[in-house]
1. For the stretch 416-522, how big is Rg over Rh, using alpha carbon atoms and the Kirkwood form of Rh?
2. Please tell me which of these pairs span more than 18 angstrom C-alpha to C-alpha: 4/429; 4/500; 176/384?
3. Can you send over the solvent-accessible area of residue 363, 1.4 Å probe, protein chains only, in Å² to the nearest 10?
4. Roughly how many Å² is the accessible area per residue of the stretch 128-280, as a whole number, for a 1.4 Å probe?
5. Starting from the stretch 1-110, pick out the GluC sites (Glu not before Pro) whose DSSP state is loop and whose Cβ has at most 15 other Cβ atoms within 10 Å.
6. Counting other C-beta atoms within 10 Å, and keeping those with at most 10, which DSSP coil trypsin sites (Lys or Arg not before Pro) do you find in the stretch 12-103?
7. Would you work out if the stretch 41-80 is rounded, prolate or oblate? Take a ≥ b ≥ c from the square roots of the eigenvalues of the alpha-carbon gyration tensor; rounded if a/c is under 1.5, else prolate when a/b is larger than b/c, oblate otherwise.
8. For the pairs 371/449; 35/275; 552/578; 253/631, note any where the Cα-Cα span goes beyond 22 Å.
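The values are calculated or read from the model by the stated rules, or taken from the named source; none is laboratory data. Every value quoted in this text rests on a predicted model; they were computed, and no experiment measured them. Glycine gets a Cβ as well: all are built from the backbone with ideal geometry, and neighbour counts include every protein chain shown. Heavy atoms of the whole protein, side chains included, go into the accessibility calculation; ligands, DNA and RNA do not. Shrake-Rupley method; radii C 1.70, N 1.55, O 1.52, S 1.80 Å.
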Amino acid sequence: MSEKGYRHIGKNVTRFDAVDIVTGKTIFLNDYKMKDLIYGKSLKCPYAHARITKIDISKAQALPGVHGVLYYGNMPEMCKGWGLNQPPVCPVLRREASYAGDVVALVAADTEQIAEEACGLIQIEYEELPAVFNTWDAVKPDAPLVHEEFDSNILPNVPFIGENMMDHLVRGDVEKAFAECDYVLDGEDAYDSLGCPMAMEPPGVIMKYEKGRMFAWPTSQVAMMYGGAIGGRMQGLPIETTTFNIGGGFGNKAELPLISMQTAVLAVATGRPVKMNMTKTEQLAIHDQRIGMYIKGKVGIKGDIIHAIQGTIYLDCGAYNCCGQWQMGVGLGECQVAFGKCQNWDLEGKLVMTNHVQTGAVRGFGGQEIKAVLMPMTMKAAAKAGVDPVDFIAKNFSETGDGWFWRERNWYECRETDWKPVIYDAAEKFGWKDKWKGWNIPTSTDGHKAVGVGVSVHGNADIGEDNSEAYVRITPATGLVYLHAGIAETGAGQRSNIRKYVAEVLDMPVEKVILAPCTTEANPFDAGPIGSRCTLTLGTAVTKAAEDALRKLLEAAAGPLHASPDDLFFRDGMIYYKSRSDKPIHPAMLLPFATTITGYGQYLADYSKSNFNIYFAEVEVDLDTGETSLKKVLVGTDVGQIIDPATLEMQIHGGFGAAAADTGLLEENVLDKSTGRILTGNMIDYKWRTFDDFPPVDTVIHESQPEISRFKATGFG
């Protein structure tokens, strides 16, 4: 037992898939074989904006081994109404191309090589059209239209996926509040690096259409949600989804909208299961990139508290985006978490289309990007006020009694939250008071090199995002317990760790808990490992399912034992009288033959609690060249309760690396704004951090034990 009385929670447990991963036995999509499988490839437009004037597919169709060649003029009848969403009017294949790399034709063939060769045989002539690459240019009245179906580049609300999402945050009286401020700063900032988190395994999917259903095997981290997201684009066609191990997710391997829709169209057209895999270059150049943000507004400070925020935020969608309205709603919510004491807001969000690569979900999902433009403005105002940034964070971050509007514009009151202890403990361990010399003043200078320190903060109420369900099935005859929870494995060990909740409730070895395959046919709904949500959401659903199964088991055993369920307990697969804990009774002896016990658990979305991380960094800058290197990092967090220490350490490193340092210093796709082409489509030109480049990371971890679930865990994120 741990010091908190837990058998498994808070202790490291060996991952059940660890040996298979390191010995190469783990199944990924490319290991899966299927009868009659053929392969898809796509032909891309070389121009940022163009219209097809002539196309000839005859040579491609005649190539031996080719099973189908599709373009806008010969789409299968049932696929003609399928749309890409955001913009919703765009079909899967169009006559117009809206960015360099936009897919204009699809080929299915016996091998990838034949499909690639066939793409090269398609003859196309284009009329080039004017293009626009920046949000501030795209919103001008005379800007070229990215999609001629609209009368401007500002995207209207999209039915089904975003009509209820918050796009304008209004609270209090902004004009009155600015008049009361001691410091007001007008400004603008942009965050538009087109970063790609570059999961190790590129996106891929197999699609098979059969008997009115689409069967999908995607490299998606949201297996249970994938079918609804993609099926909605197919006019409600039912989709059965199965995922294997996934080689990294980082947010942008969620819906996989374009490759999924393209593969599905080929599957319908050919009547065969079709597989499409992106190359590394395609992953970098045409798969979902991080959204861009641009803000023009002002921030007011009264004393050392943010008192008013006003402005317009433009979300740069690129040519397509599958979830921008959700990202805007979440981002506007996260602003209120970070600046919890601000009661006066007028922050309007607009989704803007531009002629560059599509954007979508990437780790941070709107909140990171909005704060990346809003926080610099706010910190400049804090510098003007002369406030210590650590004190500024501590005094302004939300705590119990504050609140926010979240996503669908619903109000939530913050509860069980006081981050000041971890803020100041982390600052002390980092040595902030000794190292920080004032705003924009180096800690030390040695010749042409200067060392400085910085601090930033993150919190996200999406830890309670969306609903989760789980089943727990006890099989008394075998002593095994089956967990049905729709969670994909993206490398962080989530499928191992979720079993610990069941093992803890049932007081049994983790090895006896078997997790069902990640398929919609075997599991109830769960939104998946996104938004830092699974620790609280799915963890609670699994806990409740295990508790429900345990209750039913003890009730079933109570009759034959002439006892009350309260007189019994369950441990290591056996039932005991509380008064005779030395006499185990096998449950199979008490229940009818071939009986199983199934429990159900559910978590309903609740955004009243956030997670919290504070980041300290010591940075060395070459004043002549601008070269920047991280020397030391400290991460402070309060996770409520640690579930698995090793996983938490990995999340801390990944959270700072993949979602902070890498997006701040690296991960920048260079866009040629004369041609609209990505110039960094390989792992040499696209700068990427090696493991050896990671700085030493220190931590301060609190466990405040909030009363939000049985195990009191909020997670990291």
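1. Details: Rg = 23.5 Å, Rh = 18.8 Å.
Answer for the stretch 416-522: 1.25.
2. Listed pairs above 18 Å: 4/429; 176/384.
3. Estimated to the nearest 10 Å², residue 363 gives 60 Å².
4. Ligands and nucleic acids excluded, the result is 38 Å² per residue.
5. 3
6. Those that pass, being in a loop and sparsely packed, are 25, 33, 35.
7. It comes out oblate by the Cα gyration axes.
8. On the way: 371/449 29 Å; 35/275 12 Å; 552/578 17 Å; 253/631 31 Å.
Going by Cα-Cα distance, 371/449; 253/631 fall outside the 22 Å limit.
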